[in-house]
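Everything below concerns the one structure shown next.
Quick note: the coordinates plus some simple rules give every number you see, no bench work behind them. As the structure is a computational prediction, the values presented were derived from the model and not from experiment. Cβ placement follows ideal geometry from the backbone for every residue including glycine, while neighbour counts extend to all protein chains displayed.
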Amino acid sequence: MNQIKEQIIMQCYHCGNKGLMNVVNIITQQFGGTFVNSFGDVEHEFEEHYTWKLLLCPVCHMPTLYQTYTDESMEYEENQINDIKILYPEVQMDLTNVPEIVASNFESALRIKNINTDMCLTALRKTLEMICLDKNASGKNLDSKIKNLVAINVFPKELDNAYYLIRKYGNDGTHSENVSVSNYEVEELIRILYNVINYLYMLPIKLVNMKNRYDSSNHMQEVTHD
C-alpha cells in the first residue's frame, strides 16, 4: 500500500491520543450525476459523493477508517466536510428517538471503550440508570429499579441476565481496583445494552411506521379495487 502524504488532526479511539494521524489510503466513489442514456439524451440522477480515508495513529499504530459524504442538496464550500462517520473503531451507533439523557451516556461508553475499560463499564451502568430514570422506575437502588420495570413489563423478563451483567460489570468498573475484562467482553456488553435500548426506544417506532406504510398501501389497493 503506497503512503499518501496527508495528515489529519483527529483523536484515536484506540489509545486516546489526539493529534496528526497519517492518511495511508483514500477511496472515493460517486453515485448519480449527469449521463447520456442509450438514446443519446442527457439525463441527471441525484448525485452523491463518498470518500473513505484510512488513517494510522503514530502512537499506537492502530487504524481508523472514516467516511465523508456530500450530495447535490448540500450547500458547502470547497474542501468543507459535511458529514463524517467513523466506521472503525465503532464509536457511533444509531440512537434515533433515544432520549438525550440515555444516548449521551451510551455514546460516552463507545468513545472510551478502547481507552479506559473502567470508565466504559461505569458509563454503561450509568446508561442503564438513565433508562430507569426515563421510564420512571421506583426503588432505592439500581437493582430494585430494574426489578420494578420488569414487574410492570417495561423491561422484558427474558433479558434479566442483560440487566444483571451491565449492573455488575459497572459496579466492578466503579469500585474495583483491578478489573479483568477482555475487549471481547466489553464489546459484547455494549451490544447487549444496545439491544435493550433498541427494544425500548427504536424498534416500537420502526414497527409503527412500517405498519402505517403497510396499512396505507393496502387501503390504496382496496380503493383501487372498489
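Of note:
- Charge-dipole axis of the chain as Lys and Arg at +1 and Asp and Glu at -1 on Cβ define it, positive-most pick from 109, 151, 23: 151
- Taking the Cα centre of the chain as reference, the dipole from Cβ charges on Lys and Arg (+1) and Asp and Glu (-1) amounts to some 1420 debye.
- Assuming charge only on the beta carbon of Lys and Arg (+1) and of Asp and Glu (-1), the dipole of region 7-88 about its Cα centre is about 860 debye to the nearest 20.
- Close amide H partners of residue 7, meaning residues 5 or more places away or on another chain with modelled amide H under 5 Å apart, are 23.
- Dipole of region 78-210 [Lys/Arg +1, Asp/Glu -1 at C-beta], most positive-end residue of 164, 89, 137: 137
- Taking packing as the residue-averaged number of other Cβ atoms within 10 angstrom, the listed peptides 27-40, 107-120 run from highest to lowest as 107-120, 27-40.
- Taking other residues whose beta carbon is less than 15 angstrom from the beta carbon of residue 86, and scoring Lys, Arg as +1 and Asp, Glu as -1, yields +1.
- Count of lysine pairs in the chain with Cα separation under 18 Å (8 or more residues apart, or interchain): 22
- GNM remark for the chain: springs join alpha carbons under 10 Å apart, and the peak mean-square fluctuation among 199, 184, 164 falls on 184.
- Surrounding net charge for residue 37, when Lys and Arg each add one and Asp and Glu each subtract one, Cβ distance under 11 Å: -3
- Principal axis box of the chain, alpha-carbon based, largest edge first, Å: 72, 68, 27
- Test item: Cα-centred dipole of region 100-210, Lys/Arg +1 and Asp/Glu -1 on Cβ, debye: 320
- Annotation: Cα Rg of region 7-88 relative to the compact-globule expectation 2.2 N^0.38 Å equals 1.43.
- Normalised by the number of residues in the chain, the mean separation of alpha-carbon contacts (under 8 Å, six or more apart) gives a relative contact order of 13 percent.
- Computed over the chain, the per-residue total of -39500 (n - 2.57) for DSSP H runs of n ≥ 4 gives a 222 nm mean residue ellipticity of -14000 deg cm²/dmol, rounded to 500.
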